[in-house]
1. Please list, by residue number, every one of the trypsin sites (Lys or Arg not before Pro) in segment 341-425 that is coil in DSSP and has at most 12 other beta-carbon atoms within 10 Å.
2. Once both axes come from the Cα atoms, what is the angle between helix 92-108 and the longest principal axis of the chain, in degrees from 0 to 90, rounded to 10?
3. Can you give me the P(r) profile for segment 1-160? Cα pairs, bins 10 angstrom wide beginning at 0, each as a whole percent.
4. Could you list the residues of segment 141-175 with an amide nitrogen less than 16 Å from a label point located 7 Å from the Cα of residue 45 in the Cα-to-C-beta direction?
5. Residue 350 to residue 310: extension gain in nm, 0.36 nm per residue of separation minus the Cα-Cα distance?
6. Residue by residue through segment 248-255, which ³J(HN,Hα) values in whole Hz follow from phi under the Karplus form 6.51 cos²θ - 1.76 cosθ + 1.60 (θ = phi - 60°), with glycine and proline marked x?
7. Over 21 Å between Cα atoms: which of 270/386; 133/211; 83/208; 128/270; 83/128 fall into that group?
8. How big is segment 154-260 in terms of Cα radius of gyration and Dmax, in angstroms?
Amino acid sequence: MALILFGVLALMLILNVPIAISLGVAVLTALFTGDGNTSLVVIVQRMFTSVDNFPLMAVPFFILSGDLMERGGISKRLTRFAKVLLGKLPASLSIITTIASAFFGAISGSNPATVAAIGGVMIPSMEKAGYPKDRAAAIAASAGTLGVVIPPSISMVTYAIIGGVSIGTMFIAGFIPGLLLAMAIILVSVFTVKNFEIKDEERITLSKIIKAFLDAIWALFMPVIILGGIYGGIFTPTEASAVAVVYSFLVAMFVYKEITWKDLPEIFSKSAVSTAVVLLVVTLSAPFSWLMTSAGIPTKIAGTILGAFESRIIILFLINAILLFLGCFLETQSIILLMTPMLLPLATSLGMDPVALGIIMVINTSIGMITPPMAVNLFVASGIAKVSIGDISKRIWPFFIAEIAVLLLLTYFNDIILFLPGLLG
């Protein structure tokens with residue numbers, strides 16, 4: 001059963017078949033070549049119940065709020081405010097790109113959206129300041145990995161549902177890892193591009209800071225309202241996603257006035273397509289996960305690995321290596337849906353908290369977005385900077401190594417991840 005299930009899935013992916021269809025074909029093939037006692041009605045039921053899930057409603061709402069804020073001018077205002085505050089620091093534009101990406105990640109919950117929104121503003125600015133195009137694109141692409149790590153995050157919602165943990169706890173746990181990643185990216189930026197930037201001689205005054213702050217205040221309040229409401233017990237993470245849509249719509253339409261009623265059909269259409277892609281993968285991964293569990297595959301895999309390697313250090317390293325490898329070929333949601341049922345029993349047998357595993361998985365899959373060939377962040381940055389993927393890939397390595405260092409730190413010292421949940425829980 002396991003050989004057929006994973007063999008067909010691997011073949012489909014090699015043939016470049018979409019992940020959702022690959023999952024469905026693998027399940028049907030395994031059933032038809034197995035004992036044949038399982039009714040197809042069971043598969044349909046599993047597909048339906050997987051999306052008949054209240055917390056899963058957060059996914060389309062967060063996607064829509066991210067699209068509204070991306071079109072609504074938030075990235076420009078966040079970038080402008082950060083530039084006023086940090087414009088005199090060494091390699092200031094790279095630092096601004098990272099910090100603005102962290103703020104936007106707290107709103108969009110998406111890596112490609114973060115690269116598009118912040119990179120669209122900052123890559124041209126970095127080029128004008130003397131940065132080589134490939135380096136500017138690499139900075140924006142690496143900073144974009146903060147999109148799904150800084151909460152709220154669609155990937156965290158998905159893991160929480162599959163892993164049976166609290167979405168709010170996942171959000172709280174993501175803060176310190178997100179800040180550590182941001183610091184690592186900033187340090188690499190300062191050392192790699194400080195000699196390129198032409199200093200901005202424009203004087204920064206208190207009046208300019210106040211003006212930039214007031215212009216960005218509605219954008220800065222959004223993560224405060226959403227996350228404050230969740231952690232303050234005012235609303236659940238799912239309800240918070242709906243609040244995010246209403247807030248972003250009102251700000252984009254009536255405060256910033258950068259979208260009109262005519263723009264809404266296009267925004268809704270884009271969000272609907274993104275939602276459909278995510279939920280289709282969720283739907284077809286449910287019977288795949290059920291078939292694995294019913295056949296005892298996760299337990300057997302965990303037992304095999306534990307039997308082959310006694311060292312906890314080596315096993316945790318292998319978990320990261322597998323996730324990073326998959327990140328080169330699959331997108332975030334697919335990896336989380338596929339690997340959580342297999343890795344969760346293994347991680348818990350090692351004494352790892354499920355929340356810590358979730359954060360490690362999210363970071364791994366996020367780093368995968370800057371590792372070719374399926375490096376979505378690089379694709380977006382490449383289009384903005386008008387440079388080849390090969391050129392960006394040469395410049396992304398220092399950032400990749402820095403993020404891996406943070407990942408390993410969190411993997412072997414889970415208390416860093418669990419500090420805030422323990423403090424606030």
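Any read-out appearing in this document is the output of simple, stated calculations on the displayed coordinates, not a laboratory observation. Predicted model, so just to flag it, every value in this text is computed and none were measured. Cβ atoms come from the backbone with ideal geometry, glycine included; neighbour counts cover every protein chain shown.
1. Working: sites: 386, 394, 395; in loops: 386.
Listed in order of number, the matching sites are 386.
2. For helix 92-108, the angle is close to 50 degrees.
3. Over segment 1-160, the share of Cα pairs per 10 Å bin runs 10, 27, 23, 19, 13, 6, 1 percent.
4. Residues passing the 16 Å test: none.
5. Values: separation 40, 0.36 × 40 = 14.40 nm, distance 1.03 nm.
That pair, residue 350 and residue 310, stretches by 13.4 nm at full extension.
6. Each residue's phi maps through the Karplus curve to give 5, 5, 5, 5, 5, 7, 10, 9 Hz.
7. On the way: 270/386 24 Å; 133/211 31 Å; 83/208 11 Å; 128/270 31 Å; 83/128 14 Å.
Going by Cα-Cα distance, 270/386; 133/211; 128/270 fall outside the 21 Å limit.
8. 18.6, 53
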